[in-house]
Every structure is written in structure tokens, then in C-alpha cells.
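The values are calculated or read from the model by the stated rules, or taken from the named source; none is laboratory data. Keep in mind it's a predicted model, so treat the numbers as computed, not measured. We place every Cβ from the backbone using ideal geometry, glycine too, and count neighbours over all the protein chains shown. The protein model used for the area step is the full one, side chains on, heavy atoms only, and it has no ligands, DNA or RNA in it. Shrake-Rupley method; radii C 1.70, N 1.55, O 1.52, S 1.80 Å.
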Amino acid sequence: MTVARTTAVPTTAGPRTRGARPRRPGREEHQRPDEVAPAPQDVRPGPDSPFIAPETASPDAILLRRTMAEVEPISDKVTSYFYALLFVQHPELRPLFPAAMDAQRDRLFKAILTAARLIDDLDILTEFLSRLGRGHRKYGTQPEHYPAVGECLIGALTRYAVTTWSDEAEAAWVRAYTQISQIMIDSAAEDELIAPAWWQAEVVGHELRTHDIAVITVRPDQPYPFLAGQYTSLETPWWPRVWRHYSFASAPRPDGLLSFHVKAVPAGWVSSALVHRARPGDVIRLGPPPVP
Ligand SMILES: Cc1cc2nc3c(=O)[nH]c(=O)nc-3n(C[C@H](O)[C@H](O)[C@H](O)COP(=O)(O)OP(=O)(O)OC[C@H]3O[C@@H](n4cnc5c(N)ncnc54)[C@H](O)[C@@H]3O)c2cc1C
Ligand code: HEM
């Protein structure tokens, strides 16, 4: 299995100067490109999306959209091929991912498509990707990992976008991926200055309310900022690198403790572990607090 033009996605230089806004890369950047919580379901427009009106779409957006129209109906195959390429060609990245790649594995690929769709809307693009880049710190993602993902993205598109792929389409994807990944890298770098990549939290209370619902209370190792009604991501020690979202069951408390109401879904990895296995003294990890 080979990637057709692996040189298309070059190496990354790391974070930009802080505060610098990503700009639309030009041709020279195509030759030297540097390099999100769930993908924003509410900004996942279809091919006729108002986000990119045909009459105002940039030439790159039009090329990207053509590729997406071809690969989206077969996104399962493209995703499988993308991960196969990634793990065969970059085995050093495999340990960052869960041991068993579950049904949620398509989120990375879908988020790249969502971002590509927003390529002409820099404000929404930046908001979406900044959150995603910040959230990637808990996975251990580093700036130098981005070219590998980009290379495999281009490899998968080359293989499956057979009728719409061209040198121009590839150049547009490289420019888009360069811009997408640079926003993520920059936001992670900014976040690194002010927050940990994750919080450790000790289970201090576990109350079974029904046979499959538990109220779990944890004490974070440092203050965890959030607002009532928000949710976080968490990882249990029993399913390393498997992160799931849970809503805070109360407003912030003076003692800093956090509670979650968890329902064990049938055969659910994380929820079953939290309801049936977690006990006081166990330590879980929390992802970054939500952005208000
Ligand atoms: C923003 C947000 C907030 C959330 N807040 C909470 C919360 O406060 N409390 C809570 O208990 N959960 C909450 N969830 C759901 C939680 O994130 C997990 O999806 C859920 O606990 C299942 O994870 P799992 O690893 O146990 O199951 P998985 O291993 O992901 O799934 C195992 C099997 O169960 C199926 N499955 C997954 N979810 C359900 C379901 N809800 N009902 C039936 N079958 C299902 C899957 O399709 C799969 O076949 C929230 C989700 C989101 C997106
Ligand atoms: C432009 C580039 C990328 C985009 C748009 C992207 C997007 C996503 C999305 C949407 C998720 C789902 C979970 C979440 O929202 O956090 C995810 C998960 C993940 N990403 Fe990325 N990602 C990118 C690059 C990378 C890179 C370079 C790495 C490092 C190798 C990486 C590693 C991971 C890991 C380990 C997960 C968890 C997988 C899982 O839970 O199954 N991502 N990514």
C-alpha cells in the first residue's frame, strides 16, 4: 500500500507566532506547508451549503467540494483506508489511538471534511478548529504528527476520488489541510501556556441509583472551570484512550467536586465501567473544560 504523492504534504514547522491569524496559503506554501468535542454537527452542510454559495466560492472551495461529493457516499471505505495507511506508514502514531477503533473512528475524517467545507469562512473555521486543536492535547497529538495525517488523507483521497482528482485538486487539498492543521497547532500551543492537557480526578463518591445508573463524584487534581449545563470528556483507566462525553450533574460547587449521572448502555465500554466498576480511589482523566 503506497501513497501516491507523499511529498504533497510537507513537514510542519510547529506553532506560528502567537496571535498571528492563519492566512490562506499561496502556491509557495503548497510547496512548503506547515501544517476538535465532536465535529460541529450543526455546521456540517451538504454540497449546496449556504456556507459556500456557488457564486462566491473560491476556486479551492469548488475543487474541495467536488472531491467531497465523490468521497462522502463511500466515507466508510475512505476512512478505513486512511487509518490503514496511517498505521502502516506511521506505526509510531498507533499508540495514540484506542486499542480497538470503534464506530466513532470516522469523526477525524468527517471533521476534516467539515473543515474543508468551511474553508472560505475563516471565522467559523477558526472557532471550530481551535476547539478541536485544544481538545487534541489530551490525545498527545504533537505538531509533527500533522504531516503524517495529511499525507494519509491525500493518499486516501487519491485512491477514492478517482474521477475528480487532479493536480489542481490535490494542490487545493494540500493548501486546505495546511491551513486546517495550522489553526489546530496554534490553538494547542496557546492552550499549553495556560492549561494542562488533561486533569486527573479521583473518584470520591459512587452511588448506584438503579441497577444501571450511578452518580459518580470526582475530585479534580486542580480547579476545573465549567458552567452548569456543560459537559466534558473523560477517560477511565479500564479503557485507555477511549474518551466519552458526560454532562455535569450540578453547577460548580464550593468544594470543587464534580458529579456525573451515568447510565450504563448495553455493552457500553466507558459507561459500564463507570457504573459497575469504578470505586472511590480510582482515578480518571478529564479533557479540557468546555469553552463557555
Ligand atoms: C454532549 C454529550 C453529553 C453526554 N452526557 C452523558 C451523561 O451525562 N450521562 C450519560 O450516561 N451519558 C452521556 N452521554 C453519552 C456518553 O458520552 C456515551 O456515549 C455513553 O455513555 C456510551 O458510551 P460507552 O463507551 O459506554 O458505549 P460505547 O462503547 O460507545 O457503545 C456501546 C454500544 O452501545 C450503543 N450505545 C451508545 N450509546 C447508547 C445509548 N445512549 N443508548 C443505547 N445504546 C447506546 C452503541 O451504539 C454501541 O453499540 C453524553 C454524550 C454526549 C455527546
Ligand atoms: C486536521 C487534522 C485533524 C482533524 C480535523 C482531527 C479531528 C478529530 C476529531 C473530530 C476527532 C474525534 C474526537 C474529538 O473531537 O476530539 C479526533 C480524534 C482523534 N484524533 Fe484527530 N484530527 C486531526 C489530526 C490529528 C492528528 C495529527 C493526530 C495525531 C496523530 C490525531 C489524533 C487523534 C486521536 C488519537 C483521536 C482519538 C481517536 C478515537 O477516540 O478513536 N488527530 N480527531
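Share of carbon and sulfur in the accessible area of segment 199-286 stands at 56%, probe radius 1.4 Å. 3J(HN,Hα) along segment 121-129: 10, 4, 5, 5, 4, 5, 5, 4, 6 Hz, from the Karplus curve 6.51 cos²θ - 1.76 cosθ + 1.60 with θ = phi - 60°, whole Hz, x for Gly and Pro.
Cross-link partners of Lys110 among lysines, defined as those whose alpha carbon lies under 23 angstrom from its own and excluding same-chain residues fewer than eight positions apart: Lys77, Lys138. Backbone phi angles across segment 135-145, fed through the Karplus curve with coefficients 6.51, -1.76 and 1.60 (θ = phi - 60°), yield HN-Hα couplings of x, 6, 4, 5, 7, x, 5, 10, x, 6, 7 Hz in residue order; Gly and Pro are listed as x.
Sort Val265, Val242 by heavy-atom solvent-accessible area, probe 1.4 angstrom, most to least. Don't jump to the answer; show the numbers that get you there.
Numbers: Val265 75, Val242 5 Å².
Ranked from most to least accessible, the order is Val265, Val242.
If you put +1 on each Lys and Arg Cβ and -1 on each Asp and Glu Cβ, how big is the dipole of segment 200-262 around its Cα centre, in Debye rounded to 20?
Working: 5 positive and 6 negative charges, 25 e Å.
Once rounded to the nearest 20, the dipole reads 120 debye.
Could you give the distance between the Cα centres of segment 99-142 and segment 246-292, to the whole Å? The two parts, judged by their Cα centres, are 23 Å apart. Normalised by the number of residues in segment 143-221, the mean separation of alpha-carbon contacts (under 8 Å, six or more apart) gives a relative contact order of 20 percent. Each residue of segment 260-276 is assigned a 3J(HN,Hα), and the resulting list reads 10, 9, 10, 9, 6, 8, x, 6, x, 5, 6, 5, 5, 5, 5, 7, 9 Hz, derived from the Karplus form 6.51 cos²θ - 1.76 cosθ + 1.60 (θ = phi - 60°), x at Gly and Pro.
Working from label points 7 Å from Cα in the Cα-to-Cβ sense, the His245 to Glu207 distance is 2.6 nm. For Ala57, no residue 5 or more places off, or on another chain, has a built amide H under 5 Å of its own.
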